[in-house]
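> My questions will all concern the structure given below.
The values are calculated or read from the model by the stated rules, or taken from the named source; none is laboratory data. This is a predicted model, so every value here is computed, not measured. FYI the Cβ positions are ideal-geometry reconstructions off the backbone, even for glycines, and counts take in every protein chain you see. Keep in mind that these areas ignore ligands, DNA and RNA; they rest on the heavy atoms of the full protein, side chains included. Shrake-Rupley method; radii C 1.70, N 1.55, O 1.52, S 1.80 Å.
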Amino acid sequence: QVQFVDSGGALVQPGGSLRLSCAVSGIIVSRYGIGWYRQAPGKTRTVVARITYDGTTTYADSVKGRFTISRDNAKNTLYLQMNRLTPEDTAVYYCNFYPRNENYWGQGTQVTVSS
C-alpha cells in the first residue's frame with residue numbers, strides 16, 4: 001500500500017527556513033514523479049515543486065530560487081528545503097505523485113510564517 005507521510009512543518013518567522021520531509025512506503029520513489037503541494041486557507045491545492053524519476057526538478061514561480069526539492073533514494077524520502085519564507089508561504093504542505101493521485105494524500109504538515 002502506497003503511503004506518503006509528511007512532516008517538518010512549524011511556526012517560523014518571516015525570512016526563516018524549514019525543511020519538510022516526506023517518507024514514502026509502498027513504492028520506490030526514484031521510479032516516479034513526486035511533487036510537493038500546498039493548500040492555503042480558502043485556496044486550492046497547488047504544486048510548488050516536483051522531481052521526476054530521473055531527478056529533473058521544476059518549481060512554481062512563487063517559490064523559484066527559495067525552495068529546493070530533493071530525494072534520498074536510500075531512505076525513500078523526499079525533502080523540501082524552504083528558505084526566505086514569507087507569510088504567503090503559510091499553508092498545509094503535502095507530497096504526492098506528480099501528476100497528483102487523489103487516493104494518496106497524506107495528513108500534510110502545517111507551515112505558518114508569522115512574526
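> Output the residues belonging to the range 28-46 that are surrounded by fewer than 14 Cβ atoms within 10 Å (Cβ to Cβ) and assigned to a loop (DSSP other than H, G, I, E, B).
Within the range 28-46, ILE28, PRO41, GLY42, LYS43, THR44 meet the criteria.
> Out of the residues in the range 77-99 that are touching a strand residue (DSSP E or B) at 6+ places or on another chain (Cβ under 7 Å) and farther than 14 Å from LEU20 by Cα, state the one that is most open to solvent (accessible area, probe 1.4 Å). Talk me through it step by step, then tell me what you get.
Restricting attention to the range 77-99, the residues satisfying the condition of being touching a strand residue (DSSP E or B) at 6+ places or on another chain (Cβ under 7 Å) are 77-82, 85-87, 89-98.
Still in the running and farther than 14 Å from LEU20 by Cα: 86-87, 97-98.
Values: THR86: 44, PRO87: 69, PHE97: 27, TYR98: 87 Å².
Among them, the one singled out is TYR98.
> Moving on to the next point. Using the structure shown, decide if SER62 is at pLDDT 95 or above, over 25 Å from GLN1 (Cβ atoms) and either under 10 Å from the mean Cα position of the chain (by Cα) or not aromatic (Phe, Trp, Tyr) (or both).
yes
> Can ASP6 be described as farther than 16 Å from TRP105 by Cβ and either acidic (Asp, Glu) or surrounded by 13 or more Cβ atoms within 10 Å (Cβ to Cβ) (or both)?
In short, no.
> Right, another one. Look through SER70, SER21 and report the one residue that is in contact with a strand residue (DSSP E or B) (Cβ under 6 Å, 6 or more places away or on another chain), closer than 13 Å to PHE4 by Cβ and either modelled with pLDDT of 95 or more or open to solvent by 60 Å² or more (accessible area, probe 1.4 Å) (or both).
The conditions single out SER21.
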